[in-house]
Each structure stands twice: as C-alpha cells, then as structure tokens.
C-alpha cells in the first residue's frame, strides 16, 4: 500500500505549539469528516472528486526523499503531518515514514488530527499532537466523540487540543468541555475562530470574562497571505 499525498510545501506554521516556525507541510488526501457547519478550508484534501485528481502516491521512502528535497530548497526542518486526516493513511507505511524522519535528528514532527482514530504509540512518543475537538458549530460534534475521549489521557503537556468556534454557543460548549478535561489530560487547550465568523476579539473578551485557561489560536498565515491561498 502507498501513502496518498495531496500536497507538500514549505511555509510558516501559523497556529498551535510551533507557531512561527518554518515548516514543511505534508498534507495527506482523504478525510472521514465534512464539517457541514462551515466550508472546510482544505476542500482539495477532503473531497474525493478533487484529491483523486491531484494526489500522488508514495512509498514511505520516496516521501521521505521528497521531504529532503523540500528541505534543500527551503531550509525547513520541522514537518507537519496534516490533511485531511493523516491517520486514515496505511498504518505501517505512515509509521515507516515517521521513523525515516526521526532517523535524521535535525527533523522535528507534529501531527494535526481530528481525533477520530486511536492515536498510535509511535506518534504519541515522538510527535507533538494537535487534536481538533469538533464543536456543535462544525456539524460534527457527535462524530467519533467516544474515540476523542479515549485519546485524551494519552496526550502530553507538549500536545494540544484545538477548539474551532463559530459562535458564542461554541464558546460555551468549549468551556464546559474544559471543565471535563481537567483531570483527564495534560494537553494545552487552544481556541480559534472560524474564519469570517466570530472574531478573535470576541474570543479574547470571553476568556477575560470567564477565566477560561485557553491559548488563542490565530491562523497567522491567513493574515500574511490571502485566506484562500494554497501552498503559501
């Protein structure tokens, strides 16, 4: 089996724990969610009609070689595995690719996931995880909820949980979940706005009023380049 690559490019990490770091984005094709509450900003990676036309197939070694070439061209040594949903990829091949990266100590890695799959031990040990917790506004809050809760205890202090909020009801839901998470996970909690919906200022004011222990997640790349731009 092979890894389905939607795209690979170097940019600056615009969100999460590695914000501001030059990063090679390895975006895999395919997702098991659609988030009907708002337009996904990676339709080219989640819609089969699009990614079937655009994807390339790689062995773990050929994908690692592609990362090396990307590093030579753009001088980035941090790699973000994203999608779509990375853990939809063939399990053995994805792990082999990660081990190829770790065999070169200059590389660091992170994974952005929707939490719908059991987080593999290899990723928990050697990657930083950012798990996107779906709220009501996304239209996917009930999808794979039990699996997300099962993943919580395994997240480290260097990992993160990201709430993407569309409106005030999502903020209230995120706050309720924050209380539930207190004795379950060590992960940091991040909150960010759906682009074009609720404002960052609204979120900050909510944090001030409630004392919510969150970090504001601002997708900085959308302020540097046009929000709809690809491969920035």
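Values quoted throughout were computed directly from the atomic coordinates according to the rules given, and no laboratory measurement underlies them. For clarity, every value in this text was computed on a predicted model and none was experimentally measured. Using ideal geometry, Cβ is built from the backbone for each residue, glycine included, and neighbour counts are taken over all protein chains shown.
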> Out of region 53-70, which residues are in a helix (DSSP H, G or I) and surrounded by 17 or more Cβ atoms within 10 Å (Cβ to Cβ)?
Replying inline: 60, 63, 64, 67, 70
> Got at least one residue in region 201-215 being under 16 Å from residue 41 (Cα atoms), within 19 Å of the chain's Cα centre (by Cα) and part of a loop (DSSP other than H, G, I, E, B)?
Replying inline: no
> Tell me, which residue of region 168-188 that is outside any helix (DSSP H, G or I) and in contact with a helix residue (DSSP H, G or I) (Cβ under 6 Å, 6 or more places away or on another chain) is surrounded by the most Cβ atoms within 10 Å (Cβ to Cβ)?
Replying inline: 185
> For residues in region 27-52 being touching a helix residue (DSSP H, G or I) at 6+ places or on another chain (Cβ under 9 Å) and without any contact (Cβ under 8 Å) to a residue 60 or more places away in the chain, which is surrounded by the fewest Cβ atoms within 10 Å (Cβ to Cβ)?
Replying inline: 43
> For region 152-164, which residues satisfy the criterion of being crowded, with 16+ Cβ neighbours inside 10 Å and over 15 Å from the mean Cα position of the chain (by Cα)?
Replying inline: 152, 154
> surrounded by 16 or more Cβ atoms within 10 Å (Cβ to Cβ) and out of contact with any helix residue (DSSP H, G or I) (no Cβ under 9 Å at 6 or more places or on another chain): does that describe residue 10?
Replying inline: no
> Is it the case that residue 226 is in contact with a strand residue (DSSP E or B) (Cβ under 9 Å, 6 or more places away or on another chain) and in a loop (DSSP other than H, G, I, E, B)?
Replying inline: no
> In region 16-26, which residues are in contact with a helix residue (DSSP H, G or I) (Cβ under 8 Å, 6 or more places away or on another chain) and buried (at least 20 other Cβ atoms within 10 Å of the Cβ)?
Replying inline: 24, 26
>> Can you pull out every residue in region 197-223 that is exposed (fewer than 11 other Cβ atoms within 10 Å of the Cβ) and either within 20 Å of residue 138 (Cβ to Cβ) or in contact with a strand residue (DSSP E or B) (Cβ under 6 Å, 6 or more places away or on another chain) (or both)?
In response: 199
